[in-house]
Ligand SMILES: [Zn+2]
């Protein structure tokens with residue numbers, strides 16, 4: 001009825017990718033404020049730096065995604 005099923009395929013695939021982004025929270029290693037991170041579950045290991053929204057210091061973030069989809073987040077100060 002006017003809907004081409006073939007066109008829905010890519011849309012659903014994109015939606016599936018978005019589901020790999022998981023929100024997680026951890027504490028700033030400088031000021032202890034809770035910070036929320038988006039973890040990309042499709043990348044096994046990620047390292048990046050994000051400035052704390054509260055104290056503006058650079059937080060070194062390392063994320064490990066396990067095979068079962070769980071992830072571990074480590075945060076460090078720039079001096080560690
Ligand atoms: Zn902070």
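Each value in this text was obtained by applying a stated rule to the coordinates, not by laboratory testing. These figures come from a predicted structure and were not determined experimentally. For neighbour counting, all protein chains shown are included, and Cβ atoms are generated from backbone atoms with ideal geometry for every residue, glycine included.
Remark: spin-label model distance residue 74-residue 34 equals 2.5 nm, labels positioned 7 Å along the Cα→Cβ axis. Legend: ranking of residues 71, 60 from fewest to most surrounding C-beta atoms inside 10 Å; resulting order 60, 71. The residues 26, 34, 77, when put in order of fewest to most other Cβ atoms within 10 Å, stand as 34, 77, 26. With a simple spin-label model that places each label point 7 Å from the Cα along the Cα-to-Cβ direction, the separation between residue 43 and residue 21 comes to 1.2 nm.
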